[in-house]
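One structure is given below, encoded as structure tokens.
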Amino acid sequence: MDDELKEPKSGLTRRGFLKGVGGGLAGTAVLSAAALTAPEEATAAGVKALGPGKVPIALKVNGKTMKLEAEPRVTLLSALRDQLDLTGAKLICDRGECGGCTVLLDGKPVYACMMLAVDAQGRDITTVEGLARGDQLDPVQTAFVQHDALMCGFCTPGFVMSVRGLLNRNPNPNLDDVKRACAGNICRCGTYPKVFEAALAAAKLQKGGA
Ligand code: FES
Ligand code: FES
């Protein structure tokens, strides 16, 4: 099989994600059925019924607990962008295909458009807004700037978060590792070579190299 088509070993990929979504959708179906079931029936079935109206939600985003109210059907991406004013993660395909909405959940990249906000409670969520420390950019952000790793820039936050997730689990990636980590992100401008270059440079920067 062509190397490009092999199942990647790690990282966020559309194929791997869709496998995971199978389970996620099943979970969503349970939630939806529960929402339509009388509360006492749902409780008897051991399923906590939520909604269909707004419910209180607490999300830990970039180290701070943020409270909001939203219907259980609201995605994490929508909660971040529309209610918490964190618009770094982009709404592009809204169906788990482009990676523009990538955020970190407990340090690992996920598509925020494919996760319900209620399910993200109790997890550590990091958005691109949470990477810099004051004026000090994250090494991934610095490397993207230094290596001119963007054209229109719309996909860039998603790539930055995927690369950040990679360096969290592997501080010494090679080019193949970088490609696998970015396999779930699409750049319509075709900036891939520069993104890969920046990711490798970020690994060096993070270790104190130039
Ligand atoms: S907007 Fe989430 S994957 Fe495209
Ligand atoms: S830089 Fe334009 S979509 Fe990636």
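Each reported figure results from applying straightforward, stated rules to the coordinates on display, with no laboratory input. Predicted, not measured: the structure shown is a model, and the values here were computed from it.
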Solvent-free Debye scattering, log10 I(q)/I(0), computed from the Cα coordinates of segment 139-206 at q = 0.17, 0.19, 0.20 Å⁻¹: -0.46, -0.59, -0.66
Of K64/K204; K67/K194; K54/K179, those spanning more than 32 Å from alpha-carbon to alpha-carbon: K67/K194; K54/K179
Report the extension gain between M151 and D106 in nm, rounded to one decimal, defined as 0.36 nm multiplied by the number of residues separating them, less their alpha carbon distance. 13.3 nm
Under Karplus coefficients 6.51, -1.76 and 1.60, residue-wise ³J(HN,Hα) of segment 186-198 in Hz, glycine/proline x: 10, 10, 6, 7, x, 7, 3, x, 5, 4, 5, 4, 5
For L116, list long-range residues whose amide hydrogen, built 1.01 Å from N in the peptide plane, is under 5 Å from its own amide hydrogen. L76
Collect residues whose amide H, placed 1.01 Å from N in the peptide plane, falls under 5 Å from the amide H of E71; neighbours closer than 5 in sequence don't count. V55
Under the rule of at least 5 residues apart or a separate chain, name every residue whose amide H is placed under 5 Å from the amide H of D124. D106
